[in-house]
């Protein structure tokens with residue numbers, strides 16, 4: 001089984017920095033770049049795309065609810081057509097910077113609350129699918145949720161994703177925190193290996209749930225993210 005190591009990148013804004021993109025970029029194979037609605041601005045987007053190109057890292061769009069102050073981690077109620085337009089707008093902005101660098105758009109990965117809500121809300125998942133269809137690229141999401149069901153029914157290429165630095169509930173849903181906690185790198189590696197080798201993940205209550213991964217994600221704003229990514233990349237090298 002082969003996987004890619006991906007990270008949410010370009011999440012600074014103006015003079016504010018979030019995560020060490022320069023140190024993280026050489027350790028990953030795919031970058032999910034913020035598009036301005038939860039983080040990033042035109043300069044940050046341009047700089048992040050150029051950084052990815054220097055390190056031969058593929059770039060996907062990381063759109064969110066329009067929630068800059070809440071970093072996209074607050075749920076919002078939006079009509080399907082409005083949300084689809086919001087996502088299309090963000091992806092289109094990033095694609096312009098990719099075009100300028102002669103790089104293709106690799107995928108789309110919803111961010112934060114948009115990602116977690118779509119796992120259980122068909123209206124939101126369909127809005128994401130409406131936008132993805134325009135760009136004709138794969139979409140990342142959580143396996144065994146409405147992500148996989150609806151994106152699959154819509155004929156989209158679905159990339160199942162597993163998180164090294166977040167926990168899972170008993171129903172398989174992702175526990176999204178406003179601020180990420182540090183994790184032990186080797187414990188994170190063990191979780192990744194179980195998913196890759198056994199198709200299982202451990203919940204917060206210690207039970208196993210079915211899980212698979214085309215993509216392994218490390219968040220850039222997790223404390224100790226660079227070391228976490230370095231260890232995960234080293235230990236998962238046979239699968240990358």
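The values are calculated or read from the model by the stated rules, or taken from the named source; none is laboratory data. The structure presented is a predicted model; accordingly, all values stated were derived computationally and were not measured. All Cβ positions, even for glycine, are placed from backbone atoms using ideal geometry, and neighbour counts span all protein chains on display.
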query = Exactly one of (1) within 16 Å of residue 142 (Cα to Cα); (2) assigned to a loop (DSSP other than H, G, I, E, B); (3) touching a residue at least 40 places away in the same chain (Cβ under 8 Å) is unmet by residue 192. Its number?
reply = (2)
inquiry  = Just checking, does the stretch 147-164 include any residue being more than 16 Å from the chain's Cα centre (by Cα), modelled with pLDDT under 95 and in a loop (DSSP other than H, G, I, E, B)?
reply    = no
message = Given the criteria more than 18 Å from the chain's Cα centre (by Cα), assigned to a helix (DSSP H, G or I) and modelled with pLDDT of 95 or more, does residue 85 qualify?
response = yes
key: Those residues of the stretch 182-213 which are crowded, with 19+ Cβ neighbours inside 10 Å and touching a strand residue (DSSP E or B) at 6+ places or on another chain (Cβ under 8 Å), in sequence order   = 191, 192, 195, 201, 211, 213
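From 169, 121, grab the single residue that is farther than 24 Å from residue 41 by Cα and either at pLDDT below 95 or touching a helix residue (DSSP H, G or I) at 6+ places or on another chain (Cβ under 6 Å) (or both).
169
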inquiry  = Quick check on residue 218: is it over 14 Å from residue 161 (Cα atoms) and touching a helix residue (DSSP H, G or I) at 6+ places or on another chain (Cβ under 9 Å)?
reply    = no
ask   = Do we find that residue 110 is within 18 Å of the chain's Cα centre (by Cα), crowded, with 18+ Cβ neighbours inside 10 Å, within 17 Å of residue 212 (Cβ to Cβ) and in contact (Cβ under 8 Å) with a residue 24 or more places away in the chain in this structure?
value = no
query = Of the residues that make up the stretch 87-96, is at least one touching a strand residue (DSSP E or B) at 6+ places or on another chain (Cβ under 7 Å), in contact (Cβ under 8 Å) with a residue 12 or more places away in the chain, surrounded by 15 or more Cβ atoms within 10 Å (Cβ to Cβ) and more than 26 Å from residue 228 (Cβ to Cβ)?
reply = yes
